[in-house]
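K.L.:
Here it is, the structure in full.
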Amino acid sequence: MASEDVEGTPVGRRIVLGMLGLGAVGVAVGAGLQEKVNTALAPVGDLGQVLPGAGGFRFYSVVDSVERRTPQSYRLEVGGLVERPRAFTFEELRQALPQTRMTKDFQCVTGWRVDDVAWVGVALPDLLDAVGVRPEARAVRFRSFDGVYTESLTLEQARRRDVLVATGMLGGPVTHDHGGPVRLYVAPMYAYKSLKWLGGIELTHKVVPGYWERRGYDVDAWVGRSNGRDDEPT
């Protein structure tokens with residue numbers, strides 16, 4: 001079990017102001033407001049879309065658009081420092097591997113939170129066991145099929161039972177805007193760790209900072225114990 005007593009330095013002032021400004025805007029409505037949000041965040045990275053969200057969610061993307069993949073065409077490539085590299089189909093993730101259900105909050109580093117979200121999928125430790133982790137592996141890197149976004153966890157963090165390769169949420173499938181058909185959910189960390197449109201998992205020798213971490217966010221993103229925030233743990 002990973003220790004949650006890990007704290008990083010606060011994010012840079014420019015990023016805090018930009019992302020808190022986005023949180024204050026809330027759900028963007030109309031092209032004019034959308035343009036202002038994109039302009040405000042331009043110094044800290046490209047924000048593609050802030051879409052009207054249901055149930056308290058706000059939808060962010062760092063690219064203009066993301067190709068839609070159906071459950072039938074979906075493949076999750078798992079490789080790197082593993083004994084048995086392979087590509088998992090959606091049905092294998094949903095039926096062939098052990099299923100884990102949990103209900104936990106979803107906390108964004110910009111301040112908004114959605115309580116009691118129901119999740120279902122494969123606990124990441126079970127997926128790692130299915131491919132066999134080589135002794136020299138120390139971290140896990142995740143790639144989005146948006147072609148840009150990446151994230152990482154230490155191997156110790158990745159073996160937590162509350163880290164999920166999610167195939168369902170909110171009582172149904174993971175929709176495209178929520179990052180479907182398959183996304184990552186890292187329950188105890190801020191939402192930027194819960195990578196959307198999960199396309200690849202790679203076992204690596206060390207942690208490789210992800211998209212927002214290269215722009216100032218903490219690599220270890222424990223809710224309430226990182227990024228200069230004091231939110232209640234999820």
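The values are calculated or read from the model by the stated rules, or taken from the named source; none is laboratory data. All of these numbers come straight from a predicted model, not from anything done at the bench. FYI the Cβ positions are ideal-geometry reconstructions off the backbone, even for glycines, and counts take in every protein chain you see. Side chains are part of the model used for accessible areas, which takes the heavy atoms of the whole protein and leaves out ligands, DNA and RNA. Shrake-Rupley method; radii C 1.70, N 1.55, O 1.52, S 1.80 Å.
K.L.:
Applying the selection to the range 160-178, what residues are open to solvent by 10 Å² or more (accessible area, probe 1.4 Å) and either in contact with a His (Cβ under 7 Å, 6 or more places away or on another chain) or of a type in the set (Lys, Arg) (or both)?
P.N.:
Passing the criteria: ARG160, ARG161.
K.L.:
Just to be sure before I move on: is VAL82 within 22 Å of VAL148 (Cβ to Cβ) and either touching a Pro at 6+ places or on another chain (Cβ under 9 Å) or surrounded by 13 or more Cβ atoms within 10 Å (Cβ to Cβ) (or both) in the structure I sent?
P.N.:
no
K.L.:
May I ask you to say which residue of PRO181, PRO125 is open to solvent by less than 30 Å² (accessible area, probe 1.4 Å) and either outside any loop (DSSP other than H, G, I, E, B) or touching a Gly at 6+ places or on another chain (Cβ under 9 Å) (or both)?
P.N.:
Being open to solvent by less than 30 Å² (accessible area, probe 1.4 Å) and either outside any loop (DSSP other than H, G, I, E, B) or touching a Gly at 6+ places or on another chain (Cβ under 9 Å) (or both) holds for just one of PRO181, PRO125, which is PRO125.
K.L.:
Could I ask something else about it? Only residues that are touching a helix residue (DSSP H, G or I) at 6+ places or on another chain (Cβ under 7 Å) and of a type in the set (Ser, Thr, Tyr): list them for the range 204-225, please.
P.N.:
TYR217, the sole residue that qualifies.
K.L.:
Something else about it: Which numbered condition trips up LEU195, out of (1) aliphatic (A, V, I, L, M); (2) open to solvent by less than 10 Å² (accessible area, probe 1.4 Å); (3) touching a helix residue (DSSP H, G or I) at 6+ places or on another chain (Cβ under 9 Å)?
P.N.:
The number of the failed condition is (3).
K.L.:
I'd like to check something: does the range 90-101 contain any residue that is touching a Lys or Arg at 6+ places or on another chain (Cβ under 9 Å), in a strand (DSSP E or B) and open to solvent by 10 Å² or more (accessible area, probe 1.4 Å)?
P.N.:
Yes, there is a match, as at least one residue in the range 90-101 is touching a Lys or Arg at 6+ places or on another chain (Cβ under 9 Å), in a strand (DSSP E or B) and open to solvent by 10 Å² or more (accessible area, probe 1.4 Å).
K.L.:
Does ALA87 qualify as being over 25 Å from ASP230 (Cβ atoms), in contact with a helix residue (DSSP H, G or I) (Cβ under 6 Å, 6 or more places away or on another chain) and either in a loop (DSSP other than H, G, I, E, B) or at pLDDT 95 or above (or both)?
P.N.:
In short, no.
K.L.:
With respect to the numbered conditions (1) assigned to a strand (DSSP E or B); (2) over 22 Å from GLY79 (Cβ atoms); (3) basic (Lys, Arg), which one is the sole condition not fulfilled by ARG161?
P.N.:
(1)
K.L.:
All but one of (1) in contact with a helix residue (DSSP H, G or I) (Cβ under 7 Å, 6 or more places away or on another chain); (2) surrounded by 21 or more Cβ atoms within 10 Å (Cβ to Cβ) hold for GLN157; state the number of the condition that does not hold.
P.N.:
(1)
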